[in-house]
Amino acid sequence: MKLSSLSLTRAAVAFLAAFAVAAYAQSPTPADQAPAANAPHHHEEPTPTNLKVLPKDMTGEQVHQLMHKWEAELGTECSTCHAADPVKKTPSGRPMLNYADDSKPEKNTARLMYKMVDDINKNYISTLENAGAPVSCGTCHRGHLDPPIFTPPKEDHDHDHDHSAPPAGDKPAGSR
């Protein structure tokens, strides 16, 4: 199957636009940072001690809320990125997680992905007029730790059309 350079360019622009929208949503906003008045509060979250890409002034509660958002968008749980503490135990005897520990490679992957999403939203999505919602982890992951592979519908691969120029009326994303 051969794709024209215009088709590849359209696909790349569409992918970057979708990814940038997801990345922008990853940037903590005041709504992400402030606990909701009616949000259940189980216990006081400890002050973060090892923030490397998130703002250093985030409270434990703000980080906890953001992590739960990411957890849902990735269809995962805290232990995916955070290592068990060999010493500290929960009341039920299970190991507690050591949130400051950097030994799991998934934690560094999450940091890299956060920076990528933030970059896409700040440097690409924000430059598009009427770009819509920013990108987030969920834009690509859609509740799966490994993002599902996108397969275009068959009708998008009609080879009887000339793909050298967009059809009349089609405008590139961000143009008027």
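Considering only the stretch 44-51, I want to know if a residue exists there that is of a type in the set (Val, Ile, Thr) and within 23 Å of residue 142 (Cα to Cα).
Scanning the stretch 44-51 turns up no residue that is of a type in the set (Val, Ile, Thr) and within 23 Å of residue 142 (Cα to Cα).
Can you tell me which residue within the stretch 71-105, out of those that are in contact with a Gly (Cβ under 8 Å, 6 or more places away or on another chain) and among the small types (Gly, Ala, Ser), is farthest from residue 45 (Cα to Cα)?
Checking each candidate, the answer is 75.
Restricting attention to the stretch 41-63, report how many residues are in a helix (DSSP H, G or I) and either buried (at least 16 other Cβ atoms within 10 Å of the Cβ) or hydroxyl-bearing (Ser, Thr, Tyr) (or both). Don't jump to the end; show me each part of the working.
Taking the stretch 41-63 as the starting set, the residues that turn out to be in a helix (DSSP H, G or I) are 60-63.
Those still in the list that are either buried (at least 16 other Cβ atoms within 10 Å of the Cβ) or hydroxyl-bearing (Ser, Thr, Tyr) (or both) too: 61-63.
Count: 3.
Looking at the stretch 120-145, which of the residues that are surrounded by 14 or more Cβ atoms within 10 Å (Cβ to Cβ) and assigned to a loop (DSSP other than H, G, I, E, B) is farthest from the chain's Cα centre (by Cα)?
Restricting to residues being surrounded by 14 or more Cβ atoms within 10 Å (Cβ to Cβ) and assigned to a loop (DSSP other than H, G, I, E, B), the top hit is 128.
Just the residues that are outside any helix (DSSP H, G or I) and polar (S, T, N, Q), please, taken from the stretch 85-119.
Restricting attention to the stretch 85-119, the residues satisfying the condition of being outside any helix (DSSP H, G or I) are 85-104.
Matches in the stretch 85-119: 90, 92, 98, 103.
Which condition breaks for residue 84 when tested against (1) under 16 Å from the mean Cα position of the chain (by Cα); (2) modelled with pLDDT of 95 or more?
(1)
With the checklist (1) modelled with pLDDT of 95 or more; (2) over 20 Å from the mean Cα position of the chain (by Cα); (3) under 20 Å from residue 150 (Cβ atoms) in hand, flag the one item residue 8 doesn't pass.
With (1) modelled with pLDDT of 95 or more; (2) over 20 Å from the mean Cα position of the chain (by Cα); (3) under 20 Å from residue 150 (Cβ atoms) applied to residue 8, the lone miss is (1).
Of the residues in the stretch 93-110, how many are modelled with pLDDT of 95 or more and over 18 Å from residue 49 (Cβ atoms)?
Residues meeting the conditions: 3.
Report, by residue number, each residue of the stretch 64-81 that is under 15 Å from the mean Cα position of the chain (by Cα) and either assigned to a helix (DSSP H, G or I) or at pLDDT below 95 (or both).
Answer for the stretch 64-81, where residues must be under 15 Å from the mean Cα position of the chain (by Cα) and either assigned to a helix (DSSP H, G or I) or at pLDDT below 95 (or both): 65, 66, 67, 68, 69, 70, 71, 72, 73, 74.
The values are calculated or read from the model by the stated rules, or taken from the named source; none is laboratory data. Keep in mind the model is a prediction, meaning the values are calculated, not measured. Heads up, the Cβs are rebuilt from the backbone with ideal geometry, glycines too, and the neighbour counts pull from every protein chain shown.
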